[in-house]
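Data first, discussion second: the structure below is written as structure tokens.
The values are calculated or read from the model by the stated rules, or taken from the named source; none is laboratory data. Computed from a predicted structure; not experimentally measured. Virtual Cβ from ideal backbone geometry, glycine too; neighbours counted across all protein chains shown. These area figures cover heavy atoms from the full protein model, side chains too; ligands, DNA and RNA do not enter into them. Shrake-Rupley method; radii C 1.70, N 1.55, O 1.52, S 1.80 Å.
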Amino acid sequence: MGNFLAGKVVAVTGAGRGIGRAVALACAAEGARVVVNDYGVSIDGAEPTSDIAAAVVKEIVAAGGEAVAVADDISTMAGGQRVVDTALAQYGRIDGAVCVAGILRERMLFNMSEEEWDPVLATHLKGTFTVFRAASAVMRKQGAGTLIGFTSGNHQGSVSQANYSAAKGGIISLVRSAALGLHKYGVTANAVAPVARTRMSANVPMELKEIGDPEDVAALVVYLLSDRARAEKITGQVYTVAGPKIAVWAQPRELRAAYAAEPWTPERIAEFLPGTVGTDPMPLLERLEEMARAAATDSHPNA
């Protein structure tokens, strides 16, 4: 066992499988006491069970670590609060909250129902909020702590997962808001956009050219939770880890602006905007168009 997180208490949601499990195990291996949260649902959010959270705790304990299971639904305020309350009751503090829990309900936007939209937003976005809300109140009083939200490269948009993409984009804004609002209290907040082999990545509708394993992601999370990252004042950042690659995403900023001497009218905008302000090309749209052209060529090889 290492000591990167010695003495720290870390809560991990969605820790029963995949990346969440890898994060929980890595935190414990580096000396943290871990609250293992997982509602135990299937990938679409159904069939909850507490068994998988308990199984991860057994793994940690068998390896010489300390952990406790919490099989609560973090899409509710009470569930998020219980994750943090368990850390306090069991270990007396909470130093890190890592929100990995998520589900998928894939559907094209024009066919997506409310029943497919609401649970995805509730699990990803609200589930991150409920834990952040409870943990930040304690961290503020402690004068230290780290919040980590899990987003995705799909925050750029998705062909058939508008619900998932909207939630992941919201998590980035939530993390940046937490970084700004909690900075003076010594609390940091960052987001991780993993690309790893999991049961969720198997449902990504586009080919992933760069992909790693959950353990790669876990190593980054351990670092972000550590005093080494705090010493570097890392906060408000979004990092991608995909196997050997680590990347940081740009902060939102205006790309290009122009000003008119007279009030805007639709006609003046039509003349002014395309050539002067222009657009920012959408990489995923360009990729889709390339794929469509390639498919058309394949279907008509002599054209």
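Evaluated at q = 0.17, 0.21, 0.23, 0.27 Å⁻¹, the base-10 log of the normalised Debye intensity for the range 60-139, with identical point scatterers placed on the Cα atoms, takes the values -0.71, -0.93, -1.03, -1.24.
Shown for the chain: lysine pairs separated by 8 or more places, or found on different chains, whose C-alpha atoms are under 24 Å apart, numbering 14.
Counting only chymotrypsin sites (Phe, Trp or Tyr not before Pro) that sit in a DSSP loop (anything but H, G, I, E, B) with at most 12 other Cβ atoms within 10 Å, what is the longest stretch of the chain containing none of them?
That gives 1-258 as the longest site-free run.
Site pair Glu232 and Ala55 shows an inter-label distance of 3.4 nm when each label is modelled 7 Å from Cα along Cα→Cβ. If you bin all the Cα-Cα distances of the range 251-303 at 5 Å, starting from zero, the percentages per bin are 4, 15, 15, 12, 13, 11, 10, 8, 7, 3, 1. For the range 139-145, backbone phi angles converted through the Karplus equation (6.51, -1.76, 1.60; θ = phi - 60°) give residue-by-residue couplings of 4, 4, 5, 5, x, 6, x Hz, Gly and Pro being listed as x. Size descriptors for the range 1-136 (Cα atoms only): Rg and Dmax, in that order, 14.9, 51 Å. In the complete set of protein chains, residue-level accessible area for Val159 is approximately 60 Å², probe 1.4 angstrom.
A Gaussian network model of the chain, with springs between Cα atoms under 10 Å, assigns the largest mean-square fluctuation among Gly31, Gly275, Gly102 to Gly275. Note on the chain: helix-only mean residue ellipticity at 222 nm, from DSSP H runs of 4+ residues weighted -39500 (n - 2.57) and normalised by residue number, equals -13000 deg cm²/dmol.
Over all Cα atoms in the range 55-106, the spread is summed up by Rg and Dmax: 12.8, 40 Å. Spherically averaged projected area of the convex hull of Cα atoms, the range 85-188: 6.8 nm².
For Gln90 and Asn111, the FRET efficiency from 1/(1 + (r/R0)^6), where r spans their Cβ atoms and R0 equals 51 Å, is about 0.70. Placing +1 on each Lys and Arg Cβ and -1 on each Asp and Glu Cβ, with no other charges, gives the range 30-153 a dipole about its Cα centre of roughly 640 debye. Residue separation of Asp213 and Glu289 scaled by 0.36 nm, minus their Cα-Cα distance, works out to 24.4 nm of gained length. If you take the alpha carbon atoms of the chain and fit the smallest convex hull around them, that volume is 181 Å³ per residue. Let me spell out the model: positive unit charges on the Cβ of Lys and Arg, negative unit charges on the Cβ of Asp and Glu, origin at the Cα centre of the chain. What dipole size does that give, in debye rounded to 20? Rounded to the nearest 20 debye, it is 1100 debye. Taking the 1.4 Å solvent-accessible surface of the range 84-142 as the whole, the part contributed by carbon and sulfur is 50%.
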